[in-house]
Amino acid sequence: MPYADLVFTGGPVFTADTVRSRASAVAVSGGRIVAVGHDLGDLIGPSTEVVDLAGRLLIPGFQDAHVHPVWGGLDMLRCNLAPFETQAEYLDAIADYSASHPDDEWLLGGGWSMSAFPGGTPTAQALDRVVADRPAFLPNRDGHGAWVNSAALRRAGIDRDTPDPADGRIERDADGTPTGTLHEGAMTLVNRLLPVEPPSRLVDALLEGQRYLHSYGITAWQDAIVGSYGDAGDPGPAYLAAAASGRLTARVVGAIWWDRSAGLEQIPSLVERRERYRGGRFVATSIKVMQDGVAENFTASMLEPYCDGHGHPTDNSGISFVDPEILNEAVPRLDALGFQVHFHAIGDRAVRQCLDAVEHAIARNGRNDNRHHIAHLQVVHPDDIHRFRTLGVAANMQSLWAALEPQMVDLTLPFLGSPRDAWQYPFGALQRSGAVLAAGSDWSVSSPNPLAAIHTAVNRKAAPEYADAEYDSFLPEQAIDLTTSLTAYTAGSAWVNHLDDVTGTIEAGKFADLVVLDRDPFAGPPEEIASTAVLQTFVEGERVYAG
């Protein structure tokens, strides 16, 4: 065998293969792994680059199965509130950004946490104190609500007589006057008025997002919304432009947005976009169906009504954005056309409706290899756990959320009630049932750091830098071990992305998409997993990040 271009040696190698084998050396040539073993010195020649692991762990590149890099990158270019935690910090940051961008027609940005505000609902009155001269539109971290000022409400014509849209809610005071928070579809009343970002700006945002994700060892992902959603515009053209110029270094599967305001008539346009959105390392072969909202604003779709905080049932059980009759026809049609369906489901009713739709697809089309998956999975009824394996639906985990923190304690647990509060993020039960586990972050909703998410999945407790206070483990019986969680974030997500034949594990013949960590987390206590950092990230043997 000729000399290798690149050899990693002197440390443990987590292969993520079927038998979870370990090695201590990997050789790369022509962008692919050519040997995995222990003594590969005979492949080291005068031109070979040797990376001394020095006891540190080499792993396959992380793959984020649910992320929004263009939006995340755009947030970083706008008024970025993600680094802050309190209302006072948010207002200071907004004031500073407003002063430094006096010519912007709108003040745009976002990333605030609901837990920073009473009831999770900030007010226009507070925002007016720092930006009153122009409209402001600031979505929260999860993208399911927005903080607007009085100028934005006036620009959109939103007042006490404006009805709530069918898929959203305007937060109001006692006499019906809008207070400054718009939930779900109500955001459209304002964001349809926002200036359109030029294509070059979205390319810049994508490249900024890609840089950031590479710094966390992420080499591939599924963009969870490719389409006109929110104010950022469709990321699809930005991916094509970056791919054509050679600047798209990640492997990306796009999930084309299912417009919930339309019906089955949109399917031909989805087929057309699948053909158009294909270039380099980018392909859009998935369809994103957002079936419900989020629990914190009571729009997650539940089988039973929410509680009022005192344990008494209300008349609100959330919103199913796509009528089940339409869903049960759309999914079989999409499945027959070879699309993967990527579902957003937070509530137990939404999860069940998504599983039902896949069951209809199997009944009509038989089984195939489309690899449908459900993301988020906050509340899953115990009767539905086994259906993931039975139907071949992957469980797409956002593990960072499976912990006690202010938003969970103050805005979720009191309103779910028992026994439903104990059905949250049932990763352990899904693993034991035999379901395929994949993993992602939903960045910019939350941090894209896979190691922080893995820490939470293993400990069912947030790492110290991701929690304001010390909480007990959250439903520890739903913990999964480090190997399982790491495999979900590599081989599992690669399987969901139909990239498992070329990535996701460290095996000869696969692309050299690899990550060097600064330590071996298997060698330390589980409580220190999140202290692990990424030192280097490689795509096809090319270094795309060095810390």
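Laboratory data are not the source of any read-out in this text; all were calculated from the coordinates shown. All values derive from a computational prediction rather than experimental measurement. Here Cβ is always computed from backbone atoms with ideal geometry, including for glycine, and neighbour counts include all displayed protein chains.
Between amide H atoms placed 1.01 Å from N, distances below 5 Å from I256 occur with V226, S286, I287, K288, all of them 5 or more places distant or on a separate chain. Note on the range 106-191: the C-alpha convex hull projects to 5.1 nm² when averaged across all orientations.
In terms of packing, defined here as the mean over residues of other Cβ atoms within 10 angstrom, the peptides 394-402, 295-303 line up highest first as 394-402, 295-303. Beta-bridge orientation, the chain: approximately 50 percent antiparallel, per DSSP, counting only bridges with both partners inside.
Of all beta bridges that DSSP places with both ends in the range 106-191, some 75 percent have antiparallel geometry. Ordering of 487-499, 184-196 by packing is 487-499, 184-196, highest average first (other Cβ atoms within 10 Å, averaged per residue). Using alpha carbon centroids, what distance separates the range 474-522 and the range 159-226, in Å? Their Cα centres are 31 Å away from one another. For the chain, the spread of Cα positions along the three principal axes, ordered from largest to smallest, is 79, 54, 51 Å.
If Lys and Arg each add +1 and Asp and Glu each add -1, what is the summed charge of the other residues whose beta carbon sits under 12 Å from the beta carbon of E105? Walk me through the numbers on the way to the answer.
Working: positive: R134, R155; negative: D103, D104, D133.
Here the charged neighbours net out to -1.
Dipole magnitude for the range 106-191: computed about the Cα centre from +1 point charges on Lys and Arg Cβ and -1 point charges on Asp and Glu Cβ, it is near 260 debye.
Our summary gives the range 106-191 a relative contact order of 28 percent, counting only alpha carbon pairs under 8 angstrom and 6 or more residues apart. For I326 and R389, the difference between the fully extended length at 0.36 nm per residue and the C-alpha to C-alpha distance is 20.3 nm.
Given only helices, namely DSSP H runs of n ≥ 4 each adding -39500 (n - 2.57), what is the per-residue ellipticity at 222 nm of the chain, to the nearest 500 deg cm²/dmol?
Helix-only estimate at 222 nm: -7500 deg cm²/dmol.
Each of R276 and T179 was given a label point 7 Å from its Cα along the Cα-to-Cβ line. The distance between the two points is 4.2 nm.
Here the Debye sum runs over all C-alpha atoms of the range 230-296 as equal scatterers in vacuum, and log10 of I(q)/I(0) at q = 0.16 Å⁻¹ comes out as -0.61. Relative to one another, the C-alpha centroids of the range 69-97 and the range 325-358 are positioned 34 Å apart.
Rounded to the nearest whole Hz, the Karplus-based 3J(HN,Hα) values (6.51 cos²θ - 1.76 cosθ + 1.60, θ = phi - 60°) of the range 44-53 follow the sequence 8, x, x, 9, 6, 7, 10, 9, 7, 5, with x at glycine and proline.
In this structure the amide hydrogen of N140, modeled in the peptide plane, comes within under 5 Å of the amide hydrogens of G111, G145, A146, W147, none closer than 5 places in sequence on its chain. Within the shell of other residues whose beta carbon sits under 14 angstrom from the beta carbon of V358, the net charge comes to +1, with Lys and Arg scored +1 and Asp and Glu -1. Over all other residues within a Cβ to Cβ distance under 12 Å of I267, the charged ones net out to -2, with Lys and Arg as +1 and Asp and Glu as -1.
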